[in-house]
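Written below as structure tokens is the structure these notes are about.
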Amino acid sequence: MKAIKQLLVCSTVSVLLLACQKGEDDPFLSLRSRDARVTGTWEMTAMKSIGSEEITQVYGDSTITFQTSAETNFKGNTITSVYTQLDSYLGLPATLTRESEYKSELTINKDGTYTWTEEVTGVSSTLTTYDYDFQTGDFVQGEDSTTTSTQKSLASNSGYWYWQDNSNSKTLLTLDMLGTMYLLELSNEQMVWESVSETKNSSNDEFVAISSDVINELSMTWEKK
């Protein structure tokens, strides 16, 4: 009888341990439920976003491709975004770099509501363009054009949150006005989101065929206040 009791205890502990780790980087064991861990006020401490868009237009025997990419990085209190554009018709790339002070907070409430706020202070924008050198066949960087602003902007959003997947997993967190994120990690003090999406569209008529491919990858790290 004693051996059976010990076996039951060990089995129960094993089930609890397996049930606690849901996300890939979750803590191995937590005595708090995922609902208890996700609720509270969080401050964003890091973010990386990579996006690309390719648009192809076909006119008879001619094909023109427009390529746009964007990468945003946030660490500490500075957010930097770099946008690059290139089209196969003119072949002239252009790069826009923007840098600001940034702060973002997210409050997830037990009643199923949330509030998200962001504060952007000052913007420094630098536009880099290139000219084509017909003698060398290379792109030559022109003069940078820089503008700065000290303006502060505030934005907020509120709505409802819920788990997109079943009650056992709870790794897909949906904020109805912001989208669905995969929780790579959810501990008592830290939360890491990941999201990857791809959208393809196409249309055509008797004159032109247009297709587009948009890819976005996003990662966010939040620390509980």
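The values are calculated or read from the model by the stated rules, or taken from the named source; none is laboratory data. As the structure is a computational prediction, the values presented were derived from the model and not from experiment. Backbone-built Cβ (ideal geometry, glycine too); neighbour counts: all protein chains shown.
Observations on the model:
- Filter result for Thr147 (under 30 Å from Glu43 (Cβ atoms), more than 22 Å from the chain's Cα centre (by Cα), surrounded by 15 or more Cβ atoms within 10 Å (Cβ to Cβ) and without any contact (Cβ under 8 Å) to a residue 40 or more places away in the chain): no
- Note on the range 190-225: residues that are touching a strand residue (DSSP E or B) at 6+ places or on another chain (Cβ under 6 Å) and either over 22 Å from Glu118 (Cα atoms) or surrounded by fewer than 12 Cβ atoms within 10 Å (Cβ to Cβ) (or both) amount to 17.
- Qualifying residue in the range 70-80 (condition: assigned to a strand (DSSP E or B) and within 29 Å of Asp133 (Cβ to Cβ)): yes
- Ser104 meets each of the listed conditions (1) among the small types (Gly, Ala, Ser); (2) modelled with pLDDT of 90 or more; (3) closer than 17 Å to Leu173 by Cβ; (4) more than 17 Å from the chain's Cα centre (by Cα) apart from (4).
- In the range 181-206, the residues that are under 20 Å from Leu218 (Cβ atoms) and touching a residue at least 40 places away in the same chain (Cβ under 8 Å) reach residues that are among the β-branched types (Val, Ile, Thr) and assigned to a strand (DSSP E or B) with C-beta atoms within less than 9 angstrom, at least six apart or across chains, in these pairs: Tyr182/Val196; Leu183/Val192; Leu184/Val192; Glu185/Val192; Glu185/Thr221; Leu186/Val192; Met191/Thr221; Val192/Thr221.
- Enumeration of residues in the range 163-207 that are closer than 25 Å to Arg32 by Cβ, part of a strand (DSSP E or B) and charged (D, E, K, R): Glu185, Glu194
- Looking only at residues of the range 150-161 that are of a type in the set (S, T, N, Q) and in contact with a Ser or Thr (Cβ under 6 Å, 6 or more places away or on another chain), we find that the one that is surrounded by the most Cβ atoms within 10 Å (Cβ to Cβ) is Ser158.
- Every listed requirement among (1) of a type in the set (S, T, N, Q); (2) closer than 28 Å to Ser69 by Cα; (3) surrounded by 14 or more Cβ atoms within 10 Å (Cβ to Cβ) is met by Thr171 save one, (2).
- Considering Gln164, Gln190, Gln135, the condition of being of a type outside the set (Ser, Thr, Tyr) and more than 24 Å from the chain's Cα centre (by Cα) is satisfied by Gln135 alone.
- Taken over the range 29-49, the criterion of being touching a Leu at 6+ places or on another chain (Cβ under 8 Å) and either farther than 24 Å from Ser104 by Cβ or among the aliphatic types (A, V, I, L, M) (or both) is satisfied by Leu29, Val38, Met44, Met47.
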